[in-house]
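Following: one structure in structure tokens, then a few remarks.
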Amino acid sequence: MSNIKSSHFSNNLGAVNRDNSNHDNTSPDSISAPDVRDIPLALYIHIPWCVKKCPYCDFNSHELPVDSQLSMYDEYVDTLLLDAASQQSLTQGREISSVFIGGGTPSLLPITQYQRLFNGLREIFRFAGDIEVTMEANPGTLEHAPFAEYLKVGINRLSIGVQSFAAEQLTTLGRIHNPAQALSAIKAARLAGFERVNVDLMHGLPKQTMSEALNDIQMAHDAGATHISWYQLTIEPNTVFYRSQPILPDEDSLADIEQAGQALLESLGYNNYEVSAWAGASDKPCRHNVNYWQFGDYLAIGAGAHGKVTMDKDANQELIAEKMSGEILKNEAGIYRFSKSRMPKDYMGYQDETKQNEINQNNQMVTIPKTPKMVGWQAIASDELVSEFMLNALRLHDGVAWSLFEARTGLSYDSIALEVNKLIKQGLLIDDNEHLQPTALGKRYLNQILREFL
């Protein structure tokens, strides 16, 4: 992404699954098949609608149609379940260890639809006994059910998109909630029984002062946040801010705000386990996000959702092709990415002229949903595997074991030994045969490290 400081690879995590770039369709040459049984599997669910599109947002989100009806949610959940069923064979016997519901504004989906969705998902997949299920939610009181209702359907972690507690900044960012609603949402979530509540906060906002940025952190903590995602506003293409760019703090001010904010978070007992992620003393790192950063696998359902899956050499390709809408998948072991149509109407098949209808008992025409097609099923080439693994693993401040590189990519450590030795000599990577971890200097220049693996 553009305008990223040296210590930041990207904006907020959530979107690892929302907007991945296209990948080369070449075969993963020189890759030995990793053991799929040892690779965690997650599930990403995308809810694409928002009440209002924020000017900084480049995620796949769409304003609610003015003529939206409850039947739209019915059809979308029907399609999500068909999508999930088509990917069941991609689990290759694994259980789902985490679920992340992103958007858009997932809390716009009525609670009755979440009940139906999770009942269906539990019939399709095997959920881990200690599964982590995160849902993004906005603070607006009209945009979500009582928080206790989410706990009942199995959602056990919330990520509340506050962004700022300053009224003027919320207006600039196009948010539709106010500071009081933001505080109320965090407190209500904790009172409802949520033991894990993440709060998203931005810094480096237009005309933002040091005191404003630090006050946001303090208020989130005091309200009950157990985890804070604190990341710098970046101006992305295809956004309102890109076309009409606001004046942001200069680089020196940004660096001062970042340094002071990190010091405050540490003093409040938060552990900075990833570039912009801070787990409080009573909480732990987000399992779903860590799975991304450790290059695990994830299925993906919903408009514009992106998935990544490792195919075992013994996988039943014919069965998988049948499940995936009859599409022919590459009959090779390797690591693949796939995606779904970005527009909700395309994802739900509104533009499919062959789509059939049926007459229900009330003599009304009812749409028969169709399984969403794969927009792309592409093998990740070996050179891309290296850069993608590093892009993710280097976000973690404690790094990862070198053995994970071979286990998750199927590549040998020898294939990157020259680059690693160069970075060690430059003082950017720790000289450790067992662990991949940037030095203190390397954490400041992560993009420079990444360039060595492009």
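The values are calculated or read from the model by the stated rules, or taken from the named source; none is laboratory data. Small disclaimer: the values here were computed from a predicted structure and weren't measured. Using ideal geometry, Cβ is built from the backbone for each residue, glycine included, and neighbour counts are taken over all protein chains shown. All accessible areas refer to the heavy atoms of the entire protein, side chains included, with ligands and DNA or RNA removed. Shrake-Rupley method; radii C 1.70, N 1.55, O 1.52, S 1.80 Å.
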Cα→Cβ-extended label distance, 7 Å offset, between Ala145 and Ala440, nm:
5.0 nm
Note to self: with every protein chain in place and a 1.4 Å probe, the stretch 158-228 gives an accessible area per residue in Å² of 35 Å²
With x for Gly and Pro, the residue-by-residue ³J(HN,Hα) of the stretch 430-441, computed from phi through the Karplus equation 6.51 cos²θ - 1.76 cosθ + 1.60 at θ = phi - 60° and given in whole Hz, is 6, 7, 8, 5, 10, 9, 9, 7, x, 6, 4, 5
Checked against the positive end of the charge dipole of the stretch 134-239 (+1 on Cβ of Lys and Arg, -1 on Cβ of Asp and Glu, about the Cα centre), the farthest of Ile155, Ser229, Thr172 is Ile155
Calculated from backbone phi, Karplus (6.51, -1.76, 1.60) coupling profile of the stretch 121-137 in Hz, x at Gly/Pro
5, 5, 7, 8, 10, 9, 7, 5, x, 10, 4, 9, 10, 9, 10, 6, 9
Between Asp398 and Lys187, what is the label-to-label distance in nm when each label sits 7 Å out along the Cα-to-Cβ direction?
3.4 nm
What distance in nm separates the simple spin-label points at Lys345 and Thr171, each placed 7 Å from Cα in the Cβ direction?
3.5 nm
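Averaging over all projection directions, find the projected area of the Cα convex hull of the stretch 385-454 and quote it in nm² with one decimal place. Don't jump to the answer; show the numbers that get you there.
Numbers: hull surface 15.6 nm².
Hull-based average projected area comes out at 3.9 nm².
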Counting only residues 5 or more places away or on other chains, whose amide H sits under 5 Å from the amide H of Asn271 once H atoms are built in the peptide plane?
Ala279, Gly280
Test of understanding: what is the full-extension gain from Arg126 to Ser253, defined as 0.36 nm times their sequence separation minus their Cα-Cα distance?
40.9 nm
Chain lengthening between Ile111 and Gln88 when straightened (0.36 nm per residue, less Cα-Cα)
5.8 nm
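Measuring with a 1.4 Å probe in the full set of protein chains, what accessible area per residue, in whole Å², belongs to the stretch 34-127? Please report the intermediate quantities before stating the final value.
On the way: 3390 Å² over 94 residues.
The answer is 36 Å² per residue.
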For Phe127, what residues show an amide H to amide H distance below 5 Å, using hydrogens built from the backbone and excluding near sequence neighbours?
Ile96
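Using R₀ = 35 Å, calculate the FRET efficiency as 1/(1 + (r/R₀)^6) where r is the Cβ-Cβ separation of Asp432 and Lys284; round to 0.05. Intermediate values should be presented prior to the final figure.
Numbers: r = 25 Å, r/R0 = 0.70.
Calculated transfer efficiency: 0.90.
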First compute the accessible area of the stretch 103-146 with a 1.4 Å probe, then give the percent of it belonging to carbon and sulfur atoms.
53 percent
Probe 1.4 Å, accessible area per residue of the stretch 237-314, Å²:
42 Å²
Run down the aspartates and glutamates and flag those whose C-alpha is under 16 Å from the C-alpha of Lys422, throwing out any fewer than 8 positions away in its chain.
Asp414, Asp431, Asp432, Glu452
Applying the Karplus parametrisation 6.51 cos²θ - 1.76 cosθ + 1.60 with θ = phi - 60° to the phi angles of the stretch 54-64, what ³J(HN,Hα) value in whole Hz is obtained for each residue in order, glycine and proline being reported as x?
6, x, 9, 7, 10, 6, 7, 10, 9, 5, 4
Shape call for the stretch 37-78, from the Cα gyration tensor axes a ≥ b ≥ c (a/c under 1.5 means rounded, otherwise prolate when a/b beats b/c, else oblate), comes out oblate
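How far, in nm, would the chain grow between Gln448 and Lys422 when pulled straight, counting 0.36 nm per residue and subtracting the alpha carbon separation? Walk me through the intermediate numbers first.
Numbers: separation 26, 0.36 × 26 = 9.36 nm, distance 1.19 nm.
Computed gain between Gln448 and Lys422 is 8.2 nm.
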For the stretch 173-267, just say rounded, prolate or oblate: build the C-alpha gyration tensor, square-root its eigenvalues into a ≥ b ≥ c, call rounded for a/c under 1.5, and beyond that prolate if a/b exceeds b/c, oblate if not.
oblate
